[in-house]
Amino acid sequence: MTATSPSDATDDAGRIRECYRCDRTIAPEFLFRIEVEPSATLTDKYATSVRYCCENCAAAMNLSAFSAQWKANARR
């Protein structure tokens, strides 16, 4: 699973979207783009999926674990 920052959520010409979890309409600059890609052994059963969610729902899913600061510390 890849969680990108809110600034990466504007790949569709800045189109307003709804959070897939809470259905609130959110401006693109406040959305997280979440991409889930199955491993090679699961691609026959599952497809890659992209969804957008608001920062509150991202926090509820503990996506803060993917923050830049956390990644920087993990690379050491």
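For the structure I just gave you, tell me whether LYS45 is more than 15 Å from the chain's Cα centre (by Cα), of a type in the set (D, E, K, R) and modelled with pLDDT of 95 or more.
For LYS45, the condition - more than 15 Å from the chain's Cα centre (by Cα), of a type in the set (D, E, K, R) and modelled with pLDDT of 95 or more - is met.
Which residue pairs have Cβ atoms closer than 7 Å, lie 6 or more positions apart in sequence or on different chains, and pair a first residue in the range 36-59 that is within 27 Å of THR25 (Cβ to Cβ) with a second residue that is basic (Lys, Arg) and exposed (fewer than 14 other Cβ atoms within 10 Å of the Cβ)?
Matching pairs, first to second residue: CYS54/ARG24.
Take the range 37-56 and flag every residue that is hydrophobic (A, V, I, L, M, F, W, C) and either assigned to a helix (DSSP H, G or I) or touching a Lys or Arg at 6+ places or on another chain (Cβ under 8 Å) (or both). Quick ask: steps written out before the conclusion?
Of all residues in the range 37-56, those hydrophobic (A, V, I, L, M, F, W, C) come to 40, 42, 47, 50, 53-54.
Passing the criteria: ALA40, LEU42, VAL50, CYS53, CYS54.
Can you tell me which residues in the range 26-36 are within 13 Å of the chain's Cα centre (by Cα) and either surrounded by 21 or more Cβ atoms within 10 Å (Cβ to Cβ) or in a helix (DSSP H, G or I) (or both)? Spell out how you get there, then give the answer.
Looking only at the range 26-36, we keep the residues that are within 13 Å of the chain's Cα centre (by Cα), and these are 28-36.
Within the range 26-36, PRO28, GLU29, PHE30, LEU31, PHE32, ARG33, ILE34 qualify.
The values are calculated or read from the model by the stated rules, or taken from the named source; none is laboratory data. None of the values given here were measured: they were computed from a predicted structure. We place every Cβ from the backbone using ideal geometry, glycine too, and count neighbours over all the protein chains shown.
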